Amino acid sequence: MDKVAKIADRLVFREVDSDRWVDLARLFEGRGGPSYCWCMVFRATPPEIQKRDGKSRKAALKRRVRAGVPIGLLGYLDREPVMWCSIAPRSTYRRLGGAIDPDEHETVWSIVCFYVARPLRRQGAMTRLIQAAVAHARKRGATIVEAYPVDPGAPSYRFMGYTTTFKAAGFREVARAGTRRHVMRLRLTRSP
């Protein structure tokens with residue numbers, strides 16, 4: 001078994017809840033972590049948009065966790081938080097753009113962003129993280145998982161992942177969101 005497979009096999013994924021908030025904060029505030037945005041770019045309400053500092057964004061995300069609002073998954077390697085995926089019901093985000101509205105029988109969860117600690121990049125972690133996010137959404141009742149990746153080499157929105165990674169995971173493009181982001185979907189069950 002090669003090094004990449006060994007690392008991917010050792011990853012464990014857990015939903016962020018009040019008990020795991022400390023782990024999320026440690027990952028986000030660690031070297032290279034996304035403490036500037038706290039994954040609030042697509043979640044912020046109009047009043048929250050006005051407060052762009054990290055402290056305010058952290059407080060806003062923490063309020064959601066305390067209220068039991070799903071925000072995403074942490075990936076652990078040897079009990080250390082090493083990666084993050086924002087996966088939650090699409091209704092918990094602001095408009096993400098380009099999406100085709102599902103019919104009333106569908107429950108859409110959105111994968112909006114990722115963070116993987118530098119030592120784990122290019123080692124299969126993203127594939128495992130997407131698999132875990134899809135499994136989590138399915139367990140929570142999603143019938144569709146939607147993502148908004150960009151083409152490899154795109155100058156922005158890279159935190160949303162790459163189209164090639166999502167295609168390999170079985171997602172298919174259904175729309176565009178602006179000039180860079182693709183709207184890709186994976187159907188988990190057929191609607192009644």
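Some notes on this structure:
- Cα gyration tensor shape of region 66-158, rounded if a/c is under 1.5, else prolate or oblate by comparing a/b with b/c: oblate
- For Lys6, the aspartates and glutamates whose Cα comes closer than 17 Å to its Cα, not counting residues fewer than 8 places off in the same chain, are Asp78, Glu80.
- Net charge, Arg140 excluded, C-beta distance under 13 Å - Lys, Arg +1, Asp, Glu -1: +1
- Low-density loop cleavage sites - chymotrypsin sites (Phe, Trp or Tyr not before Pro) in region 1-65, where at most 13 other Cβ are within 10 Å (DSSP): Tyr36
- Taking trypsin sites (Lys or Arg not before Pro) in DSSP loop states with no more than 16 other Cβ atoms inside 10 Å as exposed sites, the chain has its longest site-free stretch at 141-179.
- Cross-link reach is defined here as a Cα-Cα straight distance under 17 Å, omitting same-chain residues fewer than 8 places apart; for Lys58 the aspartates and glutamates meeting it are Asp17, Asp19, Asp23, Glu29, Glu48.
- Overall form of region 121-192: oblate. Here a/c, set by the Cα gyration tensor axes a ≥ b ≥ c, is 1.5 or more, and a/b is not larger than b/c.
- Of the labelled figures (i) 45; (ii) 50; (iii) 60, only one reflects percent of Cα pairs over 22 Å apart as derived from the coordinates, namely (i).
- Test item: Cα-centred dipole of the chain, Lys/Arg +1 and Asp/Glu -1 on Cβ, debye: 400 debye
Computed from the coordinates by the stated procedures, all read-outs in this text should not be read as laboratory data. It should be emphasised that the depicted structure is a prediction, and the values quoted were computed from it without experimental measurement. Counting neighbours? That spans all protein chains shown, and the Cβs are built from the backbone with ideal geometry, glycine included.
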